[in-house]
Amino acid sequence: MREFRGSKSSTKLRGDERSGLNAARDQGLAHGLEKEQFRGRIQLLENLPGKTVSLTETPNTRSIEELQAQEADLQRRLRGRDLD
């Protein structure tokens, strides 16, 4: 009977680990999606005045905060027509 309890604990631990991994994966996916949404909006804003954009101008290694700042800057420039 003791073996059975150990097996139950082991099964619960594996389930907890799996649950933690699933939560981390979901969080990573959401983070990646948010970054891609910013990159898409940035590319759209940069293309509005006819300026061509390459993906290297908005690299995937940028943080969400950097992408937010870039998007805000582009919106400000577009509103002010302070375009290059």
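The values are calculated or read from the model by the stated rules, or taken from the named source; none is laboratory data. Please read these numbers as outputs of a predicted model, since none were measured by experiment. Ideal geometry is used to build each Cβ from the backbone, glycine not excepted, and the neighbour counts take in all protein chains shown.
For the residues 33, 13, the requirement of being part of a helix (DSSP H, G or I) and modelled with pLDDT of 80 or more singles out 33.
Being under 30 Å from residue 78 (Cβ atoms) and either at pLDDT below 85 or assigned to a helix (DSSP H, G or I) (or both) is a property that residue 18 lacks.
Scan the stretch 45-57 and tell me whether some residue there is out of contact with any strand residue (DSSP E or B) (no Cβ under 6 Å at 6 or more places or on another chain), modelled with pLDDT of 85 or more and among the small types (Gly, Ala, Ser).
Within the stretch 45-57 (the criterion being out of contact with any strand residue (DSSP E or B) (no Cβ under 6 Å at 6 or more places or on another chain), modelled with pLDDT of 85 or more and among the small types (Gly, Ala, Ser)), the answer is no, since none of the residues qualifies.
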